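The values are calculated or read from the model by the stated rules, or taken from the named source; none is laboratory data. Keep in mind that what you see is a predicted model, and the values were worked out from it rather than measured. Note that we place each Cβ from the backbone using ideal geometry, even for glycine, and neighbour counts take in every protein chain shown. We work out accessible area using only protein heavy atoms, side chains counted, and drop any ligands, DNA or RNA first. Shrake-Rupley method; radii C 1.70, N 1.55, O 1.52, S 1.80 Å.
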Amino acid sequence: MLELSALPAAHASTLALMRDGVLAAVVLAAMAFDLKSFRIPNRLTYPAALVGLLLSAWVGQGLSGLAGLGLGFALLLPLWLLRVLGAGDVKLMAAVGAFLGFPEIVGAVLMSFIAGGVLAVGYALWLRQSGQMLRNVQQAVVANVFAIASGQRPSVAGMPSIGKLPYGIGICVGTLAWLAYRHLGEGQLF
């Protein structure tokens with residue numbers, strides 16, 4: 001396999017832009033699916049993960065892509081177990097990790113959390129439900145601390161919901177923000 005470092009700088013830059021362009025298309029498509037149906041389908045996430053791994057391998061970062069896939073999955077899995085996110089969100093972040101690799105997936109996840117948080121607060125304010133959202137957060141933290149301390153499985157079940165929010169938007173905005181941050185020459189956080 002041809003290593004990225006062995007390519008002329010212009011070709012390496014072109015391959016990286018191509019990979020990021022494909023990733024941008026994937027997260028935009030996922031956001032569109034999530035907005036329309038509150039689902040991110042496997043027919044998008046599985047091929048995207050495979051393409052991400054192949055592109056990472058093509059530029060000589062195959063192991064990094066595999067590590068990014070695993071970490072993207074692992075970082076969002078607890079939120080799925082708590083029923084805060086859907087499985088499609090977890091699989092989408094794994095696919096993003098396949099494209100970005102390790103350690104860049106960490107930056108994309110952090111920016112996705114920020115984007116998702118801003119989106120959730122904005123949604124609660126728009127619905128005039130910010131008080132209920134704060135009570136839900138407080139109740140979830142307290143209940144789950146006690147659940148963990150007593151050896152029980154954490155859960156957010158049974159709390160009054162203020163509405164359903166497609167988290168694919170947060171993943172899309174966070175991933176695109178990470179790509180923009182990286183391409184604007186601000187350097188690497190990690």
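Only residues that are part of a helix (DSSP H, G or I), of a type outside the set (D, E, K, R) and within 14 Å of the chain's Cα centre (by Cα) were counted across segment 26-43, and they come to 6. Within segment 49-65, the set of residues being open to solvent by 50 Å² or more (accessible area, probe 1.4 Å) and in a helix (DSSP H, G or I) comprises Leu50, Val51, Leu54, Trp58, Leu63. Residue count for segment 5-40 satisfying the condition of being surrounded by 15 or more Cβ atoms within 10 Å (Cβ to Cβ) and modelled with pLDDT under 85: 4. Every condition in (1) within 24 Å of Leu184 (Cβ to Cβ); (2) at pLDDT 90 or above; (3) of a type outside the set (D, E, K, R) holds for Ala49 except the one numbered (1). Considering segment 66-83, the residues that are of a type outside the set (A, V, I, L, M) and within 14 Å of Tyr46 (Cα to Cα) include one that is least open to solvent (accessible area, probe 1.4 Å), namely Gly72.
The C-beta contact set for segment 116-129 (first residue at pLDDT 85 or above and open to solvent by less than 70 Å² (accessible area, probe 1.4 Å), second residue assigned to a helix (DSSP H, G or I) and not aromatic (Phe, Trp, Tyr), distance under 8 angstrom, 6+ apart or interchain) comprises Gly116/Ile169; Gly116/Gly170; Gly116/Ile171; Gly116/Gly174; Leu119/Ile169; Leu119/Gly170; Leu119/Val173. Look at (1) surrounded by fewer than 16 Cβ atoms within 10 Å (Cβ to Cβ); (2) modelled with pLDDT of 95 or more and you find that Ala108 fails only one, number (1).
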